[in-house]
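Engineer: Pasting a structure here, questions to come.
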Amino acid sequence: MNHRSIRGPVDLSMVAIDRDREEARPVPLLGESLLPIAAIYGPNASGKSNVVAALSWLCDAVSFSFRFWEDEIPVEPFAFGGGHALASEFSVEVIIDGVRFEYVLELDRERVIYEGLFHYPEKKRRRIFEREELELKLQRGLGALSGTRELITHRTLALSIARRFDEPLVSEFTRELLSIQNLGHAPRRNKPRLPTGAYRHSSHRSTIRWFEEEGNQLALFDDNELGGEFIGVRQQALALLRLADLGIEDVVIDRREVSYSELEVRTQRRVRLVHKTSEESVPFDLDVESEGTRTWFALIGPVLTALRQGSVVLFDELDASLHPTLSAELLRIFHSPVTNPRGAQLIFTSHDTSLLNYLNRDEVWLTEKQPDGSTRLGALADFSGERVRKSQNLENAYLHGRFGALPQVDQTALLRALGLIG
């Protein structure tokens with residue numbers, strides 16, 4: 001809460017409501033099943049991107065607070081109603097090897113007010129560490145974390161410090177949290193300053209790794225997991241790329257010399273996609289490909305990495321550069337236990353209502369802009385009034401305003417400004 005347009009508490013849950021389908025993955029210790037997809041819909045400026053950005057902010061905070069938060073904490077509070085005077089709060093829960101972990105954080109621009117990491121072995125809550133201001137309490141037997149007390153400051157997260165010590169409970173949680181990948185358009189404002197375009201090219205680099213020489217790569221799945229029908233990872237990446245353009249035959253990665261001045265010549269990696277016609281094959285530089293093809297290429301690495309690790313991918317504005325057919329194919333990849341056996345999760349925002357035809361009611365979330373400018377997030381499955389049936393045509397119902405979360409278009413002011421009405 002109190003992050004950008006999110007003023008009060010909002011909860012995004014991946015817990016399944018309808019468990020009687022293969023997409024819902026049971027977690028015995030939790031007593032629930034988890035979903036592979038959460039889709040967030042709503043009008044422009046309703047706060048869809050800010051829901052995704054809140055999780056990204058928390059991941060970046062854990063990564064960078066120890067090194068970069070010396071002068072102030074880069075919180076982004078709600079701009080109205082005294083939000084700057086209030087603390088911001090974040091909470092995330094993840095499942096690691098079937099065990100639930102919970103991380104809670106409260107802070108403002110000047111200090112960390114509260115921070116706690118807990119886990120639930122045998123369904124009972126146990127503290128790993130808990131911190132109020134500079135006072136840190138540790139679970140018994142975690143002496144390896146005692147050095148955290150010496151390094152903690154008002155503007156440093158205890159988790160950022162503790163992750164540097166050899167304590168499996170902390171290491172496992174931070175590894176899971178920091179494996180979350182953020183794609184799309186939502187800016188991650190509290191990152192240290194990097195050259196323009198660095199984030200976009202970093203996702204390209206993630207994909208390039210999957211097209212390097214076979215011997216330098218890690219397999220998506222082990223041979224024994226696929227019953228001996230193992231396909232090389234380069235072929236997996238290439239097959240995924242070909243979904244975007246049936247004319248793509250191969251990917252060529254080489255190096256070329258680029259002159260920056262008379263005295264400075266650098267060697268850069270060059271990526272070209274080989275297009276095949278009925279008569280010949282021609283390689284094209286990645287930069288001249290369509291925006292949709294380049295976007296699809298950039299997400300191949302993060303998606304394959306998530307499928308391999310069973311981790312989370314965030315994608316703001318999924319439909320901005322992808323054809324609806326490709327977006328739907330991405331949903332199928334995450335839905336299927338065959339292509340997603342480790343329970344990787346995709347959380348995305350979109351305006352593309354056609355994707356609702358590929359989603360279950362418990363995978364859809366709706367944002368609305370409140371009169372005070374804040375964001376309200378609601379689950380479609382819990383929508384007030386008539387309970388949404390599993391067989392409901394979600395796209396048709398959404399477009400007819402059954403669930404709200406549609407833009408309210410009023411052209412009166414525009415027509416008056418144009419002098420078309422009095």
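Engineer: In sequence order, what are the phi-derived ³J(HN,Hα) couplings for the stretch 21-28 according to the Karplus relation 6.51 cos²θ - 1.76 cosθ + 1.60 with θ = phi - 60°, rounded to whole Hz, with x for glycine and proline?
Structural biologist: Coupling constants for the stretch 21-28: 8, 5, 5, 7, 9, x, 10, x Hz.
Engineer: Right, another one. Which ³J(HN,Hα) values in Hz, rounded to whole numbers, follow from the phi angles of the stretch 143-150 under the Karplus curve 6.51 cos²θ - 1.76 cosθ + 1.60, where θ = phi - 60° and Gly and Pro get x?
Structural biologist: Residue by residue, the stretch 143-150 yields x, 4, 8, 4, x, 4, 4, 6 Hz.
Engineer: Would you please give the residues with an amide H less than 5 Å from that of residue 251, counting only those at least 5 places away or on a separate chain, with H modeled from the backbone geometry?
Structural biologist: Hits under the 5 Å cutoff: 274.
Engineer: Using 0.36 nm times the number of residues separating residue 22 and residue 339, minus their current alpha carbon distance, what extension gain do you get? Walk me through the numbers on the way to the answer.
Structural biologist: Details: separation 317, 0.36 × 317 = 114.12 nm, distance 1.26 nm.
Length difference between fully extended and current span is 112.9 nm.
Engineer: Return the whole-Å distance between the Cα centroid of the stretch 30-64 and the Cα centroid of the stretch 109-169.
Structural biologist: 24 Å
Engineer: Could you please state, rounded to a whole Å, how far the C-alpha centre of the stretch 247-270 is from the C-alpha centre of the stretch 295-371?
Structural biologist: For the stretch 247-270 versus the stretch 295-371, the Cα centre distance is 32 Å.
Engineer: Show the residues, 5+ positions off or on another chain, whose built amide H is closer than 5 Å to the amide H of residue 96.
Structural biologist: 101
Engineer: Under the rule of at least 5 residues apart or a separate chain, name every residue whose amide H is placed under 5 Å from the amide H of residue 40.
Structural biologist: Those qualifying (amide H under 5 Å, at least 5 residues apart or on another chain) are 348, 349, 350, 365.
Engineer: Residue by residue, what Karplus-based ³J(HN,Hα) values in Hz, rounded to whole numbers, does the stretch 10-15 have, using 6.51, -1.76 and 1.60 with θ = phi - 60° and x for Gly and Pro?
Structural biologist: 10, 10, 10, 10, 9, 6
Engineer: Rank the residues 19, 272, 205 as a footprinting-exposure proxy: fewest other Cβ atoms within 10 Å of their Cβ go first.
Structural biologist: Taking fewest neighbouring Cβ atoms as first place, the list is 205, 19, 272.
Engineer: A further question on this structure: With Cβ to Cβ distances under 9 Å as the rule, what net charge do the other residues near residue 131 carry (K, R +1; D, E -1)?
Structural biologist: Cβ neighbours under 9 Å give a net charge of -4.
Engineer: May I ask you to compute the full-extension gain from residue 134 to residue 239, defined as 0.36 nm times their residue separation minus their alpha-carbon distance, rounded to one decimal in nm? Could you put the intermediate results ahead of the total?
Structural biologist: Working: separation 105, 0.36 × 105 = 37.80 nm, distance 5.18 nm.
Result: 32.6 nm gained on full extension.
Throughout, read-outs are computed from the coordinates displayed, never taken from laboratory work. These figures come from a predicted structure and were not determined experimentally. Here the Cβ is made from the backbone with ideal geometry for all residues, glycine too, and neighbour counts use every protein chain on show.
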